[in-house]
2 protein chains.
Amino acid sequence: MIQTISIVGAGKVATHLSKRLQACGLHIRQIYSRQLEDAHELAKAVNAQGINRWADLQFSGLDLLIIAVKDQAIPEVAQHLSALPSHATLIVHTSGSSPLSWLNTLPRRGIFYPLQSFSPGREPDFNQIPICVEATNPADQKLLLELGQRISQKVQITSEADRRSLHLAAIFVNNFVNHLYQIAAEILAERQLPFDLLLPLIQETAAKIQGHDPVEMQTGPALRGDRATIERHLDMLEEHPEWRELYGVFTALIRA
Amino acid sequence: MIQTISIVGAGKVATHLSKRLQACGLHIRQIYSRQLEDAHELAKAVNAQGINRWADLQFSGLDLLIIAVKDQAIPEVAQHLSALPSHATLIVHTSGSSPLSWLNTLPRRGIFYPLQSFSPGREPDFNQIPICVEATNPADQKLLLELGQRISQKVQITSEADRRSLHLAAIFVNNFVNHLYQIAAEILAERQLPFDLLLPLIQETAAKIQGHDPVEMQTGPALRGDRATIERHLDMLEEHPEWRELYGVFTALIRA
């Protein structure tokens, strides 16, 4: 069973994950960050040691090292780690889109990917966050599965292809949806209308697919084929060609 | 004060609105629908009379007639109504995108637009639904404002231009967002993954802008400028050119 964990990274994923792991009874030993100050700050919060030198990482008795850094930085971190006497510690990364092969130089490797978008100052309901695990050998997979189950009710073993599809789908429902919120806010701001007016509609839109197929929940001028309204909207968007393009593509897709 | 109301229409808006009005102590007198069966069904639910002939509409003592039909049908309904002895009853429509001028042949006219997306079988929290009111004379505007305040905490007088912008913005955060949910569901279905896995992320994405600017809440490969991930995603979408186009437009907008 995994009991002692160290973390590489001190950003959003590292912060939320290490706090959750500690709250669920795991021991966080060290937090590594290039910025010692960041390492110390997070380390303090989870009763760990903050470090900024690779040579200070202690592998003896360590059950798991979690790499929670920007995707692009994973290969470089793996390179540093493979130069250390890691005592065959299990090492995972937390990225939805990065391949497991980026850790190929490490003897025991895996994935521990929480499917959520973390923001500073917000505590998500970790129990409901799906955690996708993967490992190169069955014993490590079992260890990661057990660890996942200690912090969430929704853990599953996913292949790399599954995880990539989940991550891509997550971009659509998180980043792109959030950008639609932003466009709407800007449309209202042009008339000095508060974005707050849309919050009940945004909440309801997200709530009503919990238990329903999105196809069944669709409404609006595109679905009704209300050409007059669609034309009027396209006219209103004349000064924003990218929003107009989005409007056209969505309308065609909803109609199809 | 408005006390007695009749409704033209028996669809989603007519149903939710008449039920809410009745629950708040208003008297619903008649429900008109071209389909007598639909009129009867809704009439029964709100203790009213169901009719399907224009001549059966009773205007004497009626404080308000609400036209809650498809946008395209409003001009035709207005034509029928202006041929009747309406005793100068206040008549409103409930459409976000239709002009007040569509009721120009009626002596007292206005708008009563609830900014929400209604679906069968779901009871939205009406108290939180913004209601946009407008009327051609101040006395009627006051009547509509008071009526709105009886069924919601968020009533406001909006100009036609305001209402149109609200409606356009609503299309982005409701119809288009819902379509992104649908695309994500299809991406997962291609790998036999359940859509349920995305529900916590969808909830969190909607929840975290309640009180925050969407710009501040943005994350992901587009914002980070993570070209490798973006290229991989575009490759994954090769068989879905419209989704690929959306991915490209959103990525460019988020980067900007």
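Computed from the coordinates by the stated procedures, all read-outs in this text should not be read as laboratory data. Every value quoted in this text rests on a predicted model; they were computed, and no experiment measured them. Heads up, the Cβs are rebuilt from the backbone with ideal geometry, glycines too, and the neighbour counts pull from every protein chain shown.
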request  = For the range A:186-256 and the range A:124-152, compute the distance between their C-alpha centroids and round to whole Å.
outcome  = 37 Å
query = In debye, nearest 20: dipole of the protein assembly as shown around its Cα centre with unit charges on the Cβ of K, R (+) and D, E (-)?
reply = 840 debye
request  = Average the reciprocal distances over every distinct pair of alpha-carbons in chain B, invert the result, and give the Kirkwood radius in Å.
outcome  = 20.8 Å
Chain A, closest residue to the rotation axis toward B, by beta-carbon, whole angstrom = A:Ala206, 2
key: Which listed pairs, of A:Lys12/A:Lys208; B:Lys70/B:Lys142; A:Lys44/A:Lys154; B:Lys19/B:Lys70; A:Lys12/A:Lys70; B:Lys70/B:Lys154, have C-alpha distances above 21 Å, in listed order   = A:Lys12/A:Lys208; B:Lys70/B:Lys142; A:Lys44/A:Lys154; B:Lys70/B:Lys154
ask   = Taking amide H positions as placed 1.01 Å from N in the peptide plane, with prolines and chain starts having none, which residues 5 or more places from A:Ile91, or on another chain, fall under 5 Å of its amide H?
value = A:Leu65, A:Arg108, A:Arg109, A:Gly110
inquiry  = Give me the base-10 log of I(q)/I(0) for the range B:164-255 at each q in 0.13, 0.20, 0.22 Å⁻¹, Debye formula, one uniform scatterer per Cα, rounded to two decimals.
reply    = -0.53, -1.29, -1.48
query = How well do other chains shield peptide B:96-104, expressed as the mean number of their Cβ atoms within 10 Å of each residue Cβ?
reply = 2
key: Tilt relative to chain B, helix B:177-189 - C-alpha long axis, 0 to 90 degrees, to 10   = 50 degrees
ask   = Average projected area of the Cα convex hull of the range A:4-151, in nm²?
value = 7.7 nm²
ask   = Helix B:160-170 versus the longest principal axis of chain B: what is the Cα-based angle in degrees, 0 to 90, to the nearest 10?
value = 40 degrees
Label geometry 7 Å along the beta-carbon vector: A:Ala256 inter-copy distances in nm = 2.3
inquiry  = Given the DSSP H assignment, sum -39500 (n - 2.57) over each helix run of at least 4 residues in chain A and divide by its residue total; what's the result at 222 nm in deg cm²/dmol, nearest 500?
reply    = -13000 deg cm²/dmol
remark   = Taking Lys and Arg as +1 and Asp and Glu as -1, residues besides A:Ser18 with C-beta under 12 Å from its C-beta add up to +4
query = How many Cβ atoms of partner chains, on average, are near each residue of A:117-128 if near means within 10 Å of its Cβ?
reply = 4
task = Rounded to whole Å and sorted largest first, list the principal axis extents of the Cα atoms in the protein assembly as shown.
result = 92, 41, 39
message = Using a Gaussian network model on chain B with a 10 Å cutoff between Cα atoms, which of B:Trp102, B:Trp54, B:Trp243 fluctuates the most?
response = B:Trp243
query = Distances from A:Asp125 to the same residue in each other copy, label points 7 Å out along Cα→Cβ, in nm, shortest first?
reply = 1.4
message = Treating the point 7 Å from Cα along Cα-beta-carbon as the label, what are the nm separations from B:Gln58 to the other copies, to one decimal?
response = 8.6
ask   = Roughly what % antiparallel, to the nearest 5, for the DSSP beta bridges in the protein assembly as shown?
value = 20 percent
